[in-house]
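Participant: Okay, handing you the structure first.
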Amino acid sequence: MAVDPGSGTAYVANVSLIGGTARGVLSTIDTSGVIRRVPLLPFRPVGVAVHPSGKYVYVTGDGVSVIDTTNYQVTARVETPVEMA
């Protein structure tokens, strides 16, 4: 879990059932209690970090997914040869 100190939004990397299939998900929880789920390509997300500007969130696992926090879309995916924590 990581928290953006500027906005207070919490980001949690987890696995969730989507359409009956287990998938990696980035869950976001803002200070008003709104929860969003962003589907990810890493099946086993293991870490999450927030860019100092708060504009991007990085989720590690069997690669790195970059999420734009203005629209909660995955903007990039970096493949890695080994799982990253």
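Every residue, every condition in (1) surrounded by 13 or more Cβ atoms within 10 Å (Cβ to Cβ); (2) farther than 19 Å from D4 by Cα; (3) β-branched (V, I, T); (4) at pLDDT 90 or above, yes or no:
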| position | (1), (2), (3), (4) |
| --- | --- |
| D62 | yes, yes, no, no |
| T69 | yes, no, yes, yes |
| Y72 | yes, no, no, yes |
| T75 | no, no, yes, yes |
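Participant: I need the full set of residues from segment 17-34 which are of a type in the set (A, V, I, L, M, F, W, C) and in contact with a Ser or Thr (Cβ under 6 Å, 6 or more places away or on another chain), in order please. First the steps, then the outcome.
Facilitator: Narrowing segment 17-34 to residues of a type in the set (A, V, I, L, M, F, W, C): 17-18, 22, 25-26, 29, 34.
Of everything in segment 17-34, just one residue is of a type in the set (A, V, I, L, M, F, W, C) and in contact with a Ser or Thr (Cβ under 6 Å, 6 or more places away or on another chain), namely V25.
Participant: Tell me which residues, restricted to segment 1-60, are part of a loop (DSSP other than H, G, I, E, B), surrounded by 14 or more Cβ atoms within 10 Å (Cβ to Cβ) and of a type in the set (A, V, I, L, M, F, W, C).
Facilitator: L40, L41, V46
Participant: Continuing with this model, one more query. Of all residues in segment 1-39, which are of a type in the set (A, V, I, L, M, F, W, C) and closer than 15 Å to T69 by Cα? Give the steps one after another, and end with the answer.
Facilitator: Restricting attention to segment 1-39, the residues satisfying the condition of being of a type in the set (A, V, I, L, M, F, W, C) are 1-3, 10, 12-13, 15, 17-18, 22, 25-26, 29, 34-35, 38.
Of everything in segment 1-39, those that are of a type in the set (A, V, I, L, M, F, W, C) and closer than 15 Å to T69 by Cα turn out to be A2, V3, A10, V12, A13, V25, L26, I29, V34, I35, V38.
Participant: Out of all the residues in segment 4-19, which are closer than 10 Å to D30 by Cβ and among the hydrophobic types (A, V, I, L, M, F, W, C)?
Facilitator: A10, the sole residue that qualifies.
The values are calculated or read from the model by the stated rules, or taken from the named source; none is laboratory data. Since the model is a prediction, treat every value here as computed from it, not as a measurement. Cβ: placed from backbone, ideal geometry, glycine included. Neighbour counts: every protein chain shown.
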